[in-house]
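Comments concern the structure below.
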Protein chains: 2
Amino acid sequence: MTDAGRRRGRPSTGVREAVLAATEAILGESGVARLSTKEIARRAGVAESSIFYHFGDRLGLLQAVVALHLPRFKDVADGLVPGEGGLRANLVALLDGLVAFYARVAPILAAVQADAELRARFADRGAGEVIGPRRGVAPIAAYLAGERELGRVRADLDVEAAAMVLLAVAHQRAVLGRLSDGPAPGGTGDAVDVLLAGLAAG
Amino acid sequence: MTDAGRRRGRPSTGVREAVLAATEAILGESGVARLSTKEIARRAGVAESSIFYHFGDRLGLLQAVVALHLPRFKDVADGLVPGEGGLRANLVALLDGLVAFYARVAPILAAVQADAELRARFADRGAGEVIGPRRGVAPIAAYLAGERELGRVRADLDVEAAAMVLLAVAHQRAVLGRLSDGPAPGGTGDAVDVLLAGLAAG
DNA sequence: GTCTATAAGTTGATAGAC
DNA sequence: GTCTATCAACTTATAGAC
C-alpha cells in the first residue's frame, strides 16, 4: 500500500480472493477433513495450480484463511458504551453478536483443532487468540470495567475472567448450533441472567 | 451378553480394541484432517483390511470412537453431594474435572465438527450431546438443584442454564489448552468466583 | 498470473488365502 | 478373524505453454 491503495506488481484478477472464498465456504459446509485443493479449485472456478502459485502449498492456503479471520475479532464489542442502555440488554446484545461471530469462525477454529500441521504453524503467534484471550477478551473487559466504574457492575469483579466466561458461552452456543442444526437449548437471555445474578444465595 | 459375560461367536483377539485405541491416539495427536486407515493399521499393528472387517468403513470406525465416549459423560458430576464440602470448593473441583474430561473428548468433538460426513451420521441421535445438553447438563443441574434446596444457591437460579455455563467454561479451557499447549490464562477459580458472585452490583 | 498436462504418492476399499 | 496382495480413484505438487 505505498501508492494510494495501489498494490505492487500486476493487478490481481481475483483468483486469490475466489480461492479464499471457496476454501472458507467448503470449510463451513464440510470441514477440513475432506478438504482438497481439487475441490477448492473447481468451486472457485480456477486452475488447481493457481492455488499453489498464490499460497505455496495447501497449508499456506489454510493459514491465509485463518489469518483473514483474526483481525475481525476486535469488532465484537463495537457499539457497546458503558452506561448507555440497560446492562442486561447490553450483555444480551453482546452475547448475540459473539454467537454470530463464532458461528462464522467455528469452522476455522475446528480446522485448526483437527489439523496438527495447521496447529503447529500457529503455535507461536497464538492461534488460541481466536477463541479467547488477548484479542477477544480485551475489548469486552474494557466495557465491563467501564460499567464497573459507573457502579452498574460489582466493584470487585474480575473483568477479564468475566469476559472469558462470556466468550465461552458464545463459543459453546455456536458449536452447539453447528452440531445440531438449530439454536442451542435455552436462550442467550437465560445465560445472561445466570451471569448477572450469580449462583450464590443472597 | 446373554451368557455370563461371554460374547457370541469367536473370541476377539484384541484387534478391534487396538484399532479403536490407535484411532483415538492419532485423533488426539494429529486430528481427523490427515487420519488414514493406513496409519491406524500401522499404529495398531494390524492389517488395514481388519479395520474394514470390524467397522465396515472409515466412517464406521470414527462413529465407533465417538460412541465410545458418549457414555462417559454421565460420570462428570460423580462424587458431588449437595451440602457436603464448601460450595466454592465443590464447583472448582467440578470444573477441574470437566476440563480434564473435555481435554480427552475435545479431539473427538473437533473431528465431528471438521468432518461433514461424520456430523451427518450423528445428526438425529444428538452429537451435540457430547458438548452440552441432555447428558452433560442433567447431573450438574441436579447437583445445583440440591444446593438450591439447601439454600446455598439462590432460590430463583435457572440450574440448567447455570450447568450450561459451567460446561461452556470447561470446554473453552480444554480447547484453549489444546491450541496453545498450556493451561488457559486465569485459573478455574477465577471463573468460579465470577459465576458465584455474578456481575451485577450489590 | 493463469492455464493444461502430468507425475509420484496416498487414499479407502475389496478379493481371496489361511 | 486376520492376513497379503491388489486396485482405481484421488491426493498434493510441479513443469511449461500462453
Quiz prompt | Stokes-Einstein translational diffusion, region A:70-202 - Kirkwood Rh over all Cα pairs, 1.567 mPa s, 4 °C, in µm²/s | solution = 83
Quiz item: Quick one: putting +1 on the C-beta of Lys and Arg, -1 on the C-beta of Asp and Glu, what dipole do you get for the protein assembly as shown around its Cα centre, in Debye to the nearest 20?
Solution: 1380
Quiz item: Which chain A residue hugs the A-B rotation axis most tightly by its Cβ, and what is that distance in angstrom, to the nearest whole number?
Solution: A:198, 1
Self-check item: Range of Cα positions in region A:12-151 per principal axis (Å), largest first
Solution: 59, 29, 27
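Please compute the contact order of chain A in relative form: average sequence separation of alpha-carbon pairs under 8 Å and at least six residues apart, divided by the residue count, as a percent.
21 percent.
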Exercise. Report, in whole Å, the centroid distance computed from the Cα atoms of region A:62-123 and region B:15-86.
Key: 30
Quiz item: Looking only at region B:87-113, which residues have a backbone nitrogen under 15 Å from a spot 7 Å from the Cα of residue A:201 in the C-beta direction?
Solution: B:87-88
Self-check item: Bins of 10 Å from zero: percent of alpha-carbon pairs in the protein assembly as shown
Solution: 5, 21, 29, 24, 14, 6, 2, 0, 0
Quiz prompt | Computed over region A:9-70, Cα set: Rg, Dmax in Å | solution = 10.9, 35
Quiz item: Once you charge only the Cβ atoms, +1 for Lys and Arg and -1 for Asp and Glu, what is the size of the charge dipole of region B:11-69 about its Cα centre, to the nearest 20 debye?
Solution: 100
Quiz item: Check residue A:153: other-chain or 5+ apart residues with amide H under 5 Å from its amide H, H built from backbone geometry?
Solution: A:148, B:201
Quiz item: Relative to the Cα centre, what is the charge dipole magnitude of chain B, using +1 at the beta carbon of each Lys and Arg, -1 at the beta carbon of each Asp and Glu, and rounding to the nearest 20 debye?
Solution: 780
Exercise. Report the full-extension gain for the segment residue A:120 to residue A:38: residue separation times 0.36 nm, less the Cα-Cα distance, to one decimal in nm.
Key: 27.1 nm
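Read-outs: derived from the displayed coordinates by stated rules, not from any lab. All figures in this text were calculated on a predicted structure; none of them were measured in a lab. Positions of Cβ are backbone-derived with ideal geometry, glycine not excepted, and every protein chain shown enters the neighbour counts.
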